[in-house]
1. Looking at region 65-366 only, what percent of DSSP beta bridges run antiparallel? Nearest 5 please.
2. State, to one decimal in nm², a quarter of the convex hull surface area for the C-alpha atoms of region 331-470, i.e. the direction-averaged projected area.
3. Check the straight Cα-Cα distances from K735 and name the aspartates and glutamates below 14 Å, setting aside those fewer than 8 residues away within the same chain.
4. Give me the percent of Cα-Cα pairs in region 65-366 that sit more than 25 Å apart, rounded to a whole number.
5. Tell me which aspartates and glutamates have Cα within less than 19 Å of K420's Cα, excluding those fewer than 8 residues away on the same chain?
6. Roughly what would the spin-label model give for A266 and R594, points 7 Å off Cα along C-beta, in nm?
7. Per q in 0.15, 0.16, 0.20 1/Å, what log10 I(q)/I(0) does a Debye calculation on the alpha-carbon atoms of region 494-583 return?
8. Could you rank the peptides 427-438, 147-158 by their average count of other C-beta atoms within 10 Å per residue, with the highest value first?
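A short reminder: the numbers here are calculations on the coordinates, not readings from a lab. Predicted model, so just to flag it, every value in this text is computed and none were measured. Note that each Cβ is placed from the backbone with ideal geometry, even for glycine, and that neighbours are counted across all protein chains shown.
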Amino acid sequence: MFSCTVIPSGTRNLLCAHVLRSRFFSYVRNDLLRLALCIILAVCALTCRASGLSAFHSPLSTRGKVVVVVANRLTLDDLDDPSLHAITRMIRGGAVGLISPNCSGGKNEFSCMITAGAGASCRGGVYLREFYDSQERIESGASAGDAYSRRTGYAADPGSAVFLGLGLALRANTELAKPAVLGALGDTLHEAGRKTCAIGNADILPGGINRATAVLAMDSRGFIDRGCLNANSSNLSGLARADFVVINFSGSTLLDESKNSMTDKALAIHKAEVMRDLDRLIDGLMRKSRDENVSVILVSFGLPVGDPWERLTPIVIYGQTASGVLKSPTTRTLGLVAASDFAPTVLDLFGIPARPEMVGRAARVQSVGDKLAALRDLENRVRTHQTVVEPVIYVIMAIGAVTFISAMIALGFPLLVSRKVLVLIKAGLVTGCASAPAMLLAVLAPAGVASHLVGLILFWVLITAASFVLGRKMRLPGAPMLVVFALCVSTIFVDAFAGGALCKFAIPSQFQLSGFRYYGIGNEYAGILIAMCAMVAVLSGERVRLWLALVFGVVLVLALGLGQYGANYGGTITAVVTFGLLIIGLRRGQFGMRHVIGVFVYGIGLLALLAFRDSVSAGQTAAHAGRMASLVQKVGGGYVLSLIARKVLLNLRIAAHPEAVLAYIVLIPICLFWAYRIPARLKEEIFRDKSVAASLKGLLIGMLVALLFNDSGIVMALLMFGMMSSLLIYLMIEKEARRCPE
């Protein structure tokens, strides 16, 4: 059983008591904010134990040797063939999963493989093909070992393999936000006294070399102990002289490179022959697994050339490991492992701890009845999302654009607009906002494009209809919009505390292919959640709005800030600032700069506490802030400051992107129109209450925090602004409709 460290109760109590006695707590002068802080601290203390992530059942067994067969350009369909007896036995008796290519830049097999060897997101290119046996002669006539020494300054041992593109690889990865250690897997194996070996190639003679799979075995110097790159992949002589062996099964790659020159019939014949060769190779290695204590990994890091990267590639681990489906703390998704999990998983097979620089985590095995069915469901959901995401988003944007422009024209000019038109505008606003919970609930539909779209439309219609039906029974202004907001907020909260299965696969927050976010609440839904909670609290009535803001603030911080739930730390600080100012505004009717600074400092301190809690309680399964807290203890707080600076600069660069500039060209006239015509109406209809006006200013400041301190902050801030604007416009249209003729 994969276990996590638990903070002793005495330590938890001491930590909370220290925070309550600290100067930081004295800065929080508002009694309600102090109450919120006490509740959050109490919940953190009570839940500071191993979370449900410990359900990764079986650790991978420690083996004497590990052999990796890299058969690129293959998919799960290629391996699921009963005529491939050895591969079928391997799948049936081993652990199976699909790989997310969480590399930097564009997805390609070179970037995926260098990411796998580093255990962290990297960028690769065709220069990864330049691996040679040290004694080989290169084009200049010199030996590869001599060329390696001149290019890198390191010596090449006889019989080794070397990477001549090391300088290019290092330069390509120095600009990343989190620079990785290239070859970290090889470094760790060498430090543990293990030898590495690379066998085989996918060369296309006379001049085209391709030994890129060797990057999995190299260390940070671009060095491999034993090189058999000139040998055929069936030559397994290197097994006796190394502990970690990477075999380049070239057949699948070479066939894919030449498929355009073949007929479909010829391609099918050659594909069957290649798969039989792979099956024979796996059969021989499985025999060694039983006789010589060897673990075998069959993996593909790339899709066929020309195929859109809208599916995941397979990995199978065999060798007295538990039979089941792979699942890693990185993805928290059954059947899904990240490319960066490869190095920690290999090290786990050897019983060696992963390096601190590795952001990936060792995969675990979970028992499942039908392994391939589970993987196909995952693959189908990923492909479905890739197919439907753009059309659905465009439809929502079209509804929003038409509705917003119509509403502003109706409100901004003294035109005689019929009530029917205003009713249509209200329906458009409700329908647009109802898309958010509908996209979440559509995940409950069976996997597949047709079934997903049917589920989406069905939930969309039901939520829109329910909002008007329930809204009629409420006496609050904007009741249908408040119903939609309440339904969406409830869905996100329930999903977060139940494991996040909906957010994980919903439009638009699914990132299984890009590896941006695998679990928790993404910035899209975090922005929607914060804005909707704020608007529901502010407009729910004078008697309950203050306490509702307190409750929403506490639940939001816990849902977003606890690593086993939302794990969105940029969203957490946004929620703290927004609801801190919201509570002050509702209570005092105003706030000043000192309140803004105080609440922001409050958020930073609370964020550090949550990260520390996650780091200590969750251990290896901690979310990224928990891992950052562990790293800060080793490298110092300067790392956090540099990370914050990079996030801010990244968002500023996104804001200045050419596509963003085009959006500004469209939005500036609308914003000027809004600034010129609408404020008077807002002041007349809504802002007569100073507490409401101050609270909405707090929400705007929260949007600024979201913009600066989130990876996709501009998306989060725009969604917050969109939710706030939708409800405000609805309220004004609703009042206008009462004055208009039928």
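1. Expressed as a percentage, antiparallel bridges in region 65-366 total about 45.
2. So the mean shadow area of the Cα hull is 13.4 nm².
3. E684, E685
4. 43
5. Output for K420: E734, E736, E742.
6. Going from the A266 label point to the R594 one covers 8.3 nm.
7. Calculated log10 I(q)/I(0) at the listed q: -0.54, -0.61, -0.87.
8. 427-438, 147-158
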